[in-house]
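The values are calculated or read from the model by the stated rules, or taken from the named source; none is laboratory data. Quantities reported herein were computed from a predicted structural model and do not represent experimental measurements. So basically every Cβ, Gly included, is an ideal-geometry build from the backbone, and we count neighbours across all protein chains shown.
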Amino acid sequence: MPTKGSPPAEAGLRPLSTRSVVLSLLLGSHPPQMPVRELVRVVEPFGISSATLRVALTRMVASGDLRRLDSTYRLSDRLLERQRRQDAALDPRTRAWDGDWEIVVITATGRGAAERAQLRADLAALRLAELREGVWTRPANLVRSWPGHLAPLVQRWTGRPDQPAAELAETLWDLQSWAGTGHALLSACTGADRPADRFAVIAAMFRHLLTDPVLPGPLLPPDWPAPALRAAHAGYQDQLTGRARIAT
């Protein structure tokens, strides 16, 4: 049984690493850069020493995660794109829903297993769900650009199902399970006393929000935790980056 204040097993927490702390800090910063002296002070509450941090920074520059200019570290171009995706994931744009659904049919053939898996991952990242093999759908309530590389691979329509929308949503997404994990994360965040534990919970919140279907309100179960998760994540990032500004 978990001890008091420890995160529940269903929260899906992962071990803390110096790299994950640095990336979380810079991905949440605008602009995404920070002098090394600030990083040293901000990561200290996580039990990360200056020597450990400097080794990690050197490795992250070598691997292409970061760029270094004098004593300042900045996200690489590759991770700047990740930051843009993260910002969009945390604050998805929606519009009033009129009952239409997006329908996406995969038309590409002769692709290898890795390519098929990547296409499925791309469609899931667009918050679509697979109705049957090769057919993906969701309510047409999201405002987002469609990746150009997917255009030759699929055909897209909008339409309205005969099945009641709420019933269809329940077959496409395990909403009760998603909500249960979300509430567990909120509870774990409240009970996390150590900075490292709180960081791990917030990171798990972000991963969970990436799988939020962002459905119209009428299709969601009561007490849907996504808004509270987004507020908790945003508040933590503000606190973390604010701590860095105070440290200058």
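Can L90 be described as under 21 Å from V21 (Cβ atoms), modelled with pLDDT under 95 and not assigned by TED's automatic domain parsing to the domain that holds V22? Yes: the conditions hold for L90.
Output the residues belonging to the range 152-189 that are within 23 Å of A232 (Cα to Cα) and either charged (D, E, K, R) or outside any helix (DSSP H, G or I) (or both).
Of everything in the range 152-189, just one residue is within 23 Å of A232 (Cα to Cα) and either charged (D, E, K, R) or outside any helix (DSSP H, G or I) (or both), namely D174.
Taking the listed residues A200, A188, A140, A179, the one that is touching a residue at least 40 places away in the same chain (Cβ under 8 Å) and touching a helix residue (DSSP H, G or I) at 6+ places or on another chain (Cβ under 6 Å) is A188, with no other qualifying. Of the residues screened, P222 is one that is outside the structural domain of R116 (by TED's automatic domain parsing) and surrounded by fewer than 11 Cβ atoms within 10 Å (Cβ to Cβ). The set of residues from the range 190-226 being of a type outside the set (A, V, I, L, M), in a helix (DSSP H, G or I) and modelled with pLDDT of 95 or more comprises G217, P218.
Residues in the range 98-109 include at least one that is of a type in the set (V, I, T), modelled with pLDDT under 95 and out of contact with any strand residue (DSSP E or B) (no Cβ under 6 Å at 6 or more places or on another chain). Does D77 qualify as being surrounded by fewer than 14 Cβ atoms within 10 Å (Cβ to Cβ), farther than 25 Å from M205 by Cβ and of a type in the set (D, E, K, R)? The answer is yes for D77.
Within the range 230-239, being in contact (Cβ under 8 Å) with a residue 12 or more places away in the chain and over 14 Å from D87 (Cα atoms) holds for A232, Y236.
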